[in-house]
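The values are calculated or read from the model by the stated rules, or taken from the named source; none is laboratory data. Computed from a predicted model, the values in this text were never measured in an experiment. Don't worry about glycine lacking a Cβ; one is built from the backbone with ideal geometry, like all the others, and counts go over all protein chains shown.
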Amino acid sequence: MRVAVVENQARTPLGQIGRALDEAGAELAIYRPWQDGALPSDIGAHAALVVLGGEQSAVDDAAHPYLPALAALMRAYGEAGRAVLGVCLGAQILARGCGGSNRLGAAPEFGWREVRATAAGRSDPVLSAAGAAFPIFQWHSDTFTLPPGALHLAENADVAHQAFRLGRAAYGMQFHFEADREVVAGWTAGFGAAAERMQPGWQGLHTSEAARHGPAADAAGLAIARAWVALIE
């Protein structure tokens, strides 16, 4: 299977998603529109679409003029019945493309946090793979309203809309389930100043937090990744 992957900035590895795609023998086509504006031009060329995170907002069209086209592309993939996965910023772009509203700066969240599946999430073929509640890594300031017709799959006390599904297999995940302990360590080293702004003292807390929450979060994230990959047709 061929899968299109859209990066929105440098140093956003696929992590757990990449592991699950590799297990399934997927061939990846990587797009970096933040560099050249290029996006997939033929939906039929790819069985699925993954859109990763980034530091920009989902409506920062002036600085990132490809964003409206990416939002429309995610919607088109979903309406065609293909598997779509938006992670963090990717989820916010999917919400935008499908009629939701983006709320900037309304939901800062950082570090490993518990997420709970809703009733719909507990019966969803992807979210249910992680169990009724699980720790997972978060790094975002923005959130979104649910698009019309979306199933609300996950929540927590700080951010109501943690995950949703549209149609058969178009998923928006606000949390970074792709970020295992190795990815988080890389972000902590590579984006240290930004991490400190989100959570002062993170450099000192990281090791103990990773030991406390990382094993369960890694297991939940990989289970979600494998369950989504299983939906690719």
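Assorted remarks:
- Looking at region 1-89, the helices (runs of 4 or more DSSP H) lying wholly inside it that each contain 1 or more residues that are out of contact with any Cys (no Cβ under 7 Å at 6 or more places or on another chain) and either of a type in the set (Val, Ile, Thr) or closer than 19 Å to ARG165 by Cβ (or both) sit at 16-23, 67-79.
- Selection status of GLY100, in contact with a helix residue (DSSP H, G or I) (Cβ under 9 Å, 6 or more places away or on another chain), assigned to a loop (DSSP other than H, G, I, E, B) and touching a residue at least 40 places away in the same chain (Cβ under 8 Å): yes
- Of all residues in region 8-25, exactly one satisfies the criterion of being surrounded by 18 or more Cβ atoms within 10 Å (Cβ to Cβ) and in contact with a Lys or Arg (Cβ under 8 Å, 6 or more places away or on another chain), namely ALA20.
- Of everything in region 39-53 that is hydrophobic (A, V, I, L, M, F, W, C) and within 20 Å of ALA80 (Cβ to Cβ), the residue that is surrounded by the fewest Cβ atoms within 10 Å (Cβ to Cβ) is ALA45.
- Every residue from region 9-37 that is among the hydrophobic types (A, V, I, L, M, F, W, C) and more than 19 Å from TRP139 (Cα to Cα): ALA20, LEU21, ALA24, ALA26, LEU28, ALA29, ILE30, TRP34
- Residues (of a type in the set (A, V, I, L, M) and either farther than 30 Å from ALA150 by Cα or in contact with a Ser or Thr (Cβ under 7 Å, 6 or more places away or on another chain) (or both)) located in region 173-220: ALA185, ALA189, ALA193, ALA194, ALA195, LEU205, ALA210, ALA211
- Some residue of region 207-215 being within 30 Å of GLY100 (Cα to Cα) and surrounded by fewer than 20 Cβ atoms within 10 Å (Cβ to Cβ): no
- The combined condition, being at pLDDT 95 or above, touching a Pro at 6+ places or on another chain (Cβ under 8 Å) and more than 22 Å from ARG168 (Cβ to Cβ), is not fulfilled by ASP36.
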